[in-house]
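Following: one structure in structure tokens, then a few remarks.
Only the coordinates and a few stated rules stand behind these numbers; no lab work does. Only a predicted model underlies this, so the values are computations on that prediction, with no experimental measurement involved. Every residue, glycine among them, receives a Cβ derived from its backbone with ideal geometry; neighbour counts consider all protein chains shown.
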Amino acid sequence: MSAPILLEVEDLEHGYDGETVLDGVSFAVDAGEIVCLLGPSGCGKTTTLRLVAGLERPAGGRVAIAGETVTGPGLTVPPEQRRVSMMFQDYALFPHLRVRDNVTFGLSRLAGREQRRRADELLDKVGMSAYAGAYPHVLSGGQQQRVALARALAPEPYLVLLDEPFSGLDPELRGRVRDDSMHLLKTSGAATLFVTHNAEEAMMMADRVVVMQAGRVVQNGTPEEIYCEPAGPFVATFLGEVNRFDGLVAGGRVETPLGSVAAPGFVDGSAVQVLVRPEAIRIGEPGGAGAEARIEAIRMVGRSTLVHLTLAAAARGVYGPAAPEGIHLHVRSPGRIDAGEGEVRQLSLDGEQVFVFPRD
Ligand SMILES: Nc1ncnc2c1ncn2[C@@H]1O[C@H](COP(=O)(O)OP(=O)(O)OP(=O)(O)O)[C@@H](O)[C@H]1O
Ligand SMILES: [Mg+2]
């Protein structure tokens with residue numbers, strides 16, 4: 001049996017001052033699932049969370065939590081009756097309450113002893129038992145974040161809503177807190193709806209990613225699906241860097257400076273853009289076959305090496321009006337590469353991570 005659907009969002013519409021902000025937003029989150037709303041600033045992520053939480057009424061659409069409609073035509077169940085926990089950017093703990101009292105705060109339906117037991121259980125899970133009696137101001141940002149998560153999970157919510165919860169943490173800490181939070185949320189059994197504009201964070205945290213653009217859902221899929229089979233140029237570009245070539249389809253294929261690429265589904269003469277991820281380009285051994293390019297710069301950027309190249313004149317000729325300064329490319333290789341700046345090398349394409357879309 002598949003997990004029950006804990007959150008259903010159907011056709012949400014919303015606007016401010018006559019401006020449409022959400023336009024037919026629909027998605028669902030199963031029990032135990034982490035779904036991420038991903039999109040650029042202003043695309044309507046926080047608005048969607050607020051409508052799900054019941055902090056605002058939408059202009060149209062429906063929200064159901066655990067099978068019960070909580071927002072619909074003529075109906076708004078108040079936030080406190082939705083069994084939803086929210087954690088927003090500033091994850092504000094109550095400064096005048098000790099850590100344990102922050103966690104018991106939402107547990108008023110339990111008896112005093114039960115409240116304490118539940119709070120201590122959660123503080124133990126987030127590794128903060130030693131601080132139960134401390135005040136929030138003595139905690140680091142990461143520790144406050146963990147207490148906030150314990151507080152969010154303590155009332156056994158159906159649904160946890162998080163809005164950019166890690167953005168205030170420094171990068172090193174962010175990675176660790178994000179990882180801990182993911183494991184805790186996964187084991188809590190709650191459905192999690194998580195907002196970020198950071199594609200890498202979305203792919204690291206989420207079972208499924210709902211990509212939004214200007215108030216609409218443009219793709220809903222696993223991290224692998226949205227990265228490897230993006231629905232359009234917006235998703236492809238938002239999820240990771242791409243090299244772009246324009247071309248015309250002939251015989252079901254399109255010529256690029258790196259070779260010919262299949263363009264299934266396009267009629268001959270279609271103007272298309274070919275998007276190539278930096279990791280899809282292979283730098284060959286000296287003297288091999290393929291498009292020639294000059295290595296301009298090599299930068300080790302941690303897990304991979306980023307190589308800046310300029311395509312040689314011969315290769316440029318394949319591709320419409322060649323830019324006089326040459327076509328600049330980015331190639332990413334895992335680990336180190338055996339090549340030097342100024343060398344001319346041949347490039348080849350790995351067909352995965354090459355996407356053909358209509359030209360916009
Ligand atoms: N209370 C409000 N009154 C008027 N306009 C609003 C209000 N809240 C949000 N908006 C507008 O609605 C749009 C969507 O805002 P929202 O906060 O949902 O975006 P977001 O995707 O969360 O962006 P960010 O990544 O910057 O947090 C924006 O254009 C914003 O200016
Ligand atoms: Mg927001």
Charge dipole (debye, nearest 20) of the range 5-237; +1 at Cβ of Lys and Arg, -1 at Cβ of Asp and Glu: 1020 debye
Neighbour-count ranking [beta-carbon atoms within 10 angstrom, fewest first] of PHE105, PHE266: PHE105, PHE266
Descending principal axes extents, the range 13-70, alpha-carbon based, whole Å: 35, 25, 18
Directionally averaged projected area (convex hull, Cα atoms, the range 159-310), nm²: 12.3 nm²
Largest to smallest principal axis extent of the C-alpha atoms in the range 41-174, angstrom: 47, 39, 23
Residues ARG332, ARG345 arranged by fewest to most Cβ contacts within 10 Å: ARG332, ARG345
Order of VAL160, VAL272, VAL138 - criterion: other Cβ atoms within 10 Å of each residue's Cβ, fewest first: VAL138, VAL272, VAL160
Over the chain: helical MRE at 222 nm, DSSP H runs n ≥ 4 each giving -39500 (n - 2.57), nearest 500: -7000 deg cm²/dmol
Share of Cα-Cα pairs in the chain lying beyond 38 Å, as whole percent: 33 percent
The range 246-301: relative contact order as a whole-number percent, Cα under 8 Å and 6+ apart: 31 percent
Kirkwood estimate for the range 241-358, i.e. one over the average of 1/r between Cα atoms, Å: 14.5 Å
Under-5 Å amide H pairs with PHE194, H placed in peptide plane, nonlocal only: VAL35, CYS36, LEU37, LEU162
Rg/Rg_globular for the range 82-141, with Rg_globular taken as 2.2 N^0.38 Å and Rg from C-alpha atoms: 1.12
